[in-house]
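Comments concern the structure below.
The values are calculated or read from the model by the stated rules, or taken from the named source; none is laboratory data. Please read these numbers as outputs of a predicted model, since none were measured by experiment. Cβ coordinates were reconstructed from backbone atoms using ideal geometry, including for glycine residues, and neighbour counts include every protein chain displayed. Accessible surface areas use protein heavy atoms only, side chains included; no ligands, DNA or RNA. Shrake-Rupley method; radii C 1.70, N 1.55, O 1.52, S 1.80 Å.
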Amino acid sequence: MSLTLAIEASTASYSVMIGNGGQVRAHREAQRNGISFPNIGNLVASALEGIGGEHADIGMIGLDVGPGNLSSVRTAVSYANGLAFSMKLPVSSISSLEIMAMEAGLDGSPVMCTRNGGGGNIYVALFATNMPPVMRHGPLKESVCQIAQNFSEVRLAGDFRGEIAELLDAHVAHDTGIKSPSVFTLYEALSVTGHDPARQTALASPLNE
């Protein structure tokens, strides 16, 4: 069997999901600051063991490359790259911002997705149909206003949704309630677009950098 492995580590939890044919077969999750936290390799091994699979059964590896907690994203990227290299597989990379936009759905008004960039800065990206994503990194007010200026209506996902809704007083801002990227959405995305050459690389890189 050829399994798809999805890894999400840009949030407070490390999550892995394994399945095939678009069907989820195993899911493991652990808080990265937990006393008994296993490493990503152990989470993957546990998920495989739960379905009677082996590492050799993995035919696709995909992960959230951030932005997010930098040390966690680096850990996930290092693990995915090592596994991909040993199995001679490419890695499919999807940003945490795009994962949230996918969960919100791209069939309505544009989706503005944000992550905390530290030091008073944010990562913000706007996703809309029939146009490439627009991304900025910098102070919240400046970055958000630059991206939103050409749109009268946006949906918000990620960090600082309340602050951004107040800032965009000339816009209609809808809170999607989506706080962070989901490994479930990542897995669904890999099932649909994981074989897209534009997403596949020999080595993934953290988007924070």
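Going through segment 48-84 one residue at a time, which ones are free of Cβ contacts under 8 Å to residues at least 12 places away in the same chain and open to solvent by 50 Å² or more (accessible area, probe 1.4 Å)? Before you say what the answer is, go through the steps one by one.
Here is the first cut: in segment 48-84, the ones free of Cβ contacts under 8 Å to residues at least 12 places away in the same chain are 49, 52, 54, 71, 78, 82.
Result: GLU49, GLY52, GLU54, SER71, SER78.
Right, VAL172: modelled with pLDDT under 95, over 21 Å from SER15 (Cα atoms), surrounded by fewer than 19 Cβ atoms within 10 Å (Cβ to Cβ) and in contact with a helix residue (DSSP H, G or I) (Cβ under 6 Å, 6 or more places away or on another chain) or not? Outline the logic, then answer.
Values: modelled with pLDDT under 95: yes; over 21 Å from SER15 (Cα atoms): yes; surrounded by fewer than 19 Cβ atoms within 10 Å (Cβ to Cβ): yes; in contact with a helix residue (DSSP H, G or I) (Cβ under 6 Å, 6 or more places away or on another chain): no.
When the stated conditions are applied, VAL172 does not pass them.
The residues on offer are GLU29, GLU8, and the sole one that is in contact with a Ser or Thr (Cβ under 8 Å, 6 or more places away or on another chain), surrounded by fewer than 19 Cβ atoms within 10 Å (Cβ to Cβ) and touching a residue at least 24 places away in the same chain (Cβ under 8 Å) is GLU29.
Among the candidates THR129, THR75, single out the residue that is out of contact with any Asp or Glu (no Cβ under 6 Å at 6 or more places or on another chain) and over 26 Å from SER13 (Cβ atoms). Please lay out each step first, then the result.
Working: THR75 fails: over 26 Å from SER13 (Cβ atoms).
Testing whether each residue is out of contact with any Asp or Glu (no Cβ under 6 Å at 6 or more places or on another chain) and over 26 Å from SER13 (Cβ atoms) leaves just THR129.
Exactly one residue among GLU163, GLU98, GLU142, GLU153 is under 21 Å from ARG199 (Cα atoms) and among the acidic types (Asp, Glu), and that residue is GLU98.
State the number of residues belonging to segment 144-163 that are touching a helix residue (DSSP H, G or I) at 6+ places or on another chain (Cβ under 7 Å) and assigned to a strand (DSSP E or B). Residues flagged as touching a helix residue (DSSP H, G or I) at 6+ places or on another chain (Cβ under 7 Å) and assigned to a strand (DSSP E or B) within segment 144-163 amount to 5.
Scan ALA157, ALA189 and give me the residue that is among the aliphatic types (A, V, I, L, M), under 30 Å from ALA30 (Cβ atoms) and at pLDDT 95 or above.
Details: ALA189 fails: at pLDDT 95 or above.
Every option except ALA157 fails the conditions.
For segment 32-47, filtering for residues that are open to solvent by 30 Å² or more (accessible area, probe 1.4 Å) and of a type in the set (A, V, I, L, M, F, W, C) leaves 3.
Sort out which residues of segment 108-123 are of a type in the set (Gly, Ala, Ser) and buried (at least 16 other Cβ atoms within 10 Å of the Cβ), and write them in order of number. First the steps, then the outcome.
Keep residues of segment 108-123 that are of a type in the set (Gly, Ala, Ser), which gives 108-109, 117-120.
The answer is SER109, GLY117.
With respect to the conditions (1) buried (at least 17 other Cβ atoms within 10 Å of the Cβ); (2) touching a residue at least 40 places away in the same chain (Cβ under 8 Å); (3) not hydroxyl-bearing (Ser, Thr, Tyr), LEU89 falls short on a single one, namely (2).
The rows are residues; the columns are (1) open to solvent by 20 Å² or more (accessible area, probe 1.4 Å); (2) at positive phi; (3) not in a loop (DSSP other than H, G, I, E, B).
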| site | (1), (2), (3) |
| --- | --- |
| ALA125 | no, no, yes |
| MET135 | yes, no, yes |
| GLU142 | yes, no, yes |
| ALA165 | yes, no, yes |
| LEU186 | no, no, yes |
| ALA189 | no, no, yes |
| PRO197 | yes, no, no |
| LEU203 | yes, no, no |
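ASN130 satisfies every condition listed in (1) open to solvent by less than 60 Å² (accessible area, probe 1.4 Å); (2) farther than 15 Å from ARG199 by Cβ except (1). List every residue pair whose Cβ atoms sit under 8 Å apart, with the two residues 6 or more apart in sequence or on different chains, where the first one lies in segment 111-130 and is under 10 Å from PRO67 (Cβ atoms) and the second, anywhere, is among the β-branched types (Val, Ile, Thr) and open to solvent by 30 Å² or more (accessible area, probe 1.4 Å). These pairs meet every condition: ALA125/VAL134.
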